[in-house]
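A short worksheet on the structure shown next.
Just so it is clear, none of the values below were taken in a lab; they were calculated from the coordinates. Everything numeric in this text was worked out from a predicted model, so none of it was measured. Note: ideal-geometry Cβ built from the backbone for every residue, glycine included; neighbour counts use all protein chains shown.
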Amino acid sequence: MTITTHGLSDVGKRRHNNEDAFYADDSRHLYAVADGLGGLEAGEEASALAVSVIREQAEAASKAGSQVDLVFAVSEAHRAVCRLNRELGPGRDSGTTLTVLLLLKESCVVAHVGDSALYRFRADSWEKLTTDHTEAEELRRRRPGTRVPERFEHTLTRCLGQFVKLEIDHYYYPVAPGDRLLLCTDGLTRHITPDELGGEIFAADDPESFLKKMIQLSNERGGSDNATGVALFLS
């Protein structure tokens, strides 16, 4: 299977700094996106630190001749962000989402915390492979059919940096030639629907042109948040 990838991040139209971060390692087929929270430099530090720890864990695993353990790597990233919060002190707490993908021969492994996401586009359909850890999703799960206030859509129930034992979602999914995978922060999907993403991702010649077009469209529709994506084309 041939894999073509590209990662891209943009500050958007309304933010002064970019609190998103991404990691793309084609040699290890390891990819991640993180969306920092906390405002000012704190969120930016948290997301950058999280993807840095993922890289360090991948490098350590390679030196040991083993495959990176995604759950352990995300746990280490969480501990690092907690240490950052202790250094920042009261009133400057930060946190970050983190979604990590390890691509194998005919499957992928995913570790996920927060409301960044992984989508798989296949033929004429799409599937969101991660679950958002938000107040909105909690309400939908507990009370199906309930109308959820907009403010709950982006209120996290789980993120790296909280001083609690972190629960990490861990998934395995099959992949096949022809699939398109997209890791992204919620800033991208805030202005673009998955149906639109699906139409564009199969029309694109390569992941770079796809991401450039989607980020441009996000900005044209308001660019209310940082927007980040890592796209993988499998053939």
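Cross-link partners of K13 among lysines, defined as those whose alpha carbon lies under 21 angstrom from its own and excluding same-chain residues fewer than eight positions apart: K212, K213.
The separation of region 185-212 from region 50-64, counted between C-alpha centres, amounts to 29 Å. A crude spin-label estimate for the pair V148 and E167, with each label 7 Å from Cα along the Cβ direction, gives 1.5 nm. Enclosing the Cα atoms of region 3-234 in their convex hull gives a volume equal to 125 cubic angstrom per residue. Placing +1 on the Cβ of every Lys and Arg and -1 on the Cβ of every Asp and Glu, with nothing else charged, gives the chain a dipole about its Cα centre of roughly 480 debye. Highest GNM mean-square fluctuation among A123, A46, A34, for the chain modelled with Cα contacts below 10 Å: A123.
Given the DSSP H assignment, sum -39500 (n - 2.57) over each helix run of at least 4 residues in the chain and divide by its residue total; what's the result at 222 nm in deg cm²/dmol, nearest 500?
Working: 6 runs with 79 residues, N = 235.
Dividing the helical sum by the residues of the chain leaves -10500 deg cm²/dmol.
Judged by the gyration tensor of its Cα atoms, with axes a ≥ b ≥ c, region 1-113 is oblate; a/c meets the 1.5 cut and b/c is at least as large as a/b.
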